[in-house]
Amino acid sequence: MEINGVTIEDTFAEGFPIKVARVTITAVTQHWAMVAAQEATGFGTSVIGCSAEAGIECILGGDETPDERPGVNMLICNMGYKNLESSMLNRLGQCVLTAPTTAAFNGMQEAEKQFDTGKKLKFFGDGFEKQAELCGRKVWKIPLMSGDFIIEESFGAVDGIAGGNFLILAQNQAAGLMAAEAAANAIGRVRGCITPFPGGVVASGSKVGSKYKFLKASTNTAFCTSLREDGVCTLAEDVSAVFEIVINGVSKEAISAAMKAGINAACRVPGVLKISAANYEGKLGSHQFPLHVVLE
């Protein structure tokens with residue numbers, strides 16, 4: 001298969017189960033909603049070393065938010081519900097409550113699993129917090145120096161998938177990075193998923209395991225162009241740079257749509273030679289995303 005002359009390798013991306021929560025953050029302006037969301041999703045690239053994987057799902061207009069203010073949806077992901085609940089409490093308490101004019105609402109009201117995150121954060125009000133109702137939602141008003149912080153009492157979470165991915169093999173670093181940026185921008189328009197790495201792009205693609213027993217993952221040596229002389233790089237001679245796009249989502253359908261959008265965007269950039277994907281013989285997870293099927 002080819003797209004715009006770019007070879008699409010007949011392989012698959014390997015993903016793994018993860019728990020996902022959606023938080024809607026609003027503020028008096030889009031700027032402050034985004035500032036809070038960026039803070040709350042920081043240090044959220046990989047559960048290999050981060051407390052959670054997190055990213056911004058989409059920007060919301062006032063017609064899409066409970067309080068009719070500008071907003072941002074973010075997704076927070078973790079391997080288990082207990083760790084996800086802890087991550088939610090810490091990130092909302094430290095990064096959203098502290099941001100000017102913000103409010104936080106449940107983005108998954110229909111989910112069976114619900115955390116009482118807002119009920120726990122209310123104690124910051126030191127006894128002066130008040131329960132209220134806003135657009136049919138139970139919320140807490142926590143007094144701050146600049147006005148009340150509004151947070152919904154409960155936040156939902158669902159079973160999602162992490163690790164959907166594809167690899168961009170390019171003639172040079174500039175072409176590869178341009179293609180990766182185009183892919184990340186295209187995926188940003190697909191709801192239900194995030195690209196948790198910096199700018200949506202992974203420079204440090206990894207493999208499962210390492211020769212060092214204390215590491216769960218290590219650099220993907222087969223795709224490291226500087227290791228050709230060491231005999232472990234498997235890339236063609238005309239490939240000099242590889243970037244990976246990693247996608248987390250609320251469903252297999254969301255990740256498939258994101259992969260399709262991202263791959264098509266990347267293939268429009270001159271200098272891209274091939275699209276591949278990372279898989280590990282089932283060692284990472286049970287979800288497979290065959291590139292040729294995703295692109296149908």
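Readers should treat all values here as calculations from the given coordinates under stated rules, not as data from a laboratory. Note that the structure is predicted; figures quoted are calculated from it, not measured. Neighbour counts are summed over all protein chains in view; Cβ atoms, including those assigned to glycine, are modelled from backbone coordinates with ideal geometry.
List of remarks:
- Neighbour-count ranking [beta-carbon atoms within 10 angstrom, fewest first] of Trp32, Trp140: Trp32, Trp140
- For the range 59-131: rounded, prolate or oblate by the Cα gyration tensor [a/c cutoff 1.5]: oblate
- The chain: calculated mean residue ellipticity at 222 nm from DSSP helix runs of at least 4, using -39500 (n - 2.57): -6000 deg cm²/dmol
- Counting neighbouring beta carbons within 10 Å and listing from fewest to most, the residues Phe105, Phe166, Phe43, Phe12 come out as Phe43, Phe12, Phe105, Phe166.
- Basic side chains Lys and Arg get +1 at the Cβ, acidic Asp and Glu get -1 at the Cβ, and with that the dipole of the range 18-157 about its Cα centre reaches some 340 debye.
- Segments 228-234, 251-257 sorted - mean Cβ within 10 Å per residue, highest first: 251-257, 228-234
- Taking a ≥ b ≥ c as the square roots of the Cα gyration tensor eigenvalues, the range 156-296 comes out oblate, since a/c reaches at least 1.5 and a/b does not exceed b/c.
- Computed from backbone phi with θ = phi - 60° and the Karplus coefficients 6.51, -1.76 and 1.60, the 3J(HN,Hα) list for the range 3-11 is 10, 6, x, 8, 6, 9, 5, 7, 9 Hz; x is used for glycine and proline.
- Student exercise, the chain dipole from Lys, Arg, Asp, Glu Cβ charges, in Debye to nearest 20: 580 debye
- Cα-based shape type of the range 12-103, given that a ≥ b ≥ c are square roots of the gyration tensor eigenvalues and the cut on a/c is 1.5: prolate
- The structure shown yields Cα extents along the principal axes in Å, and of the options (i) 48, 48, 33; (ii) 66, 42, 31; (iii) 53, 48, 43 that calculated value carries the label (ii).
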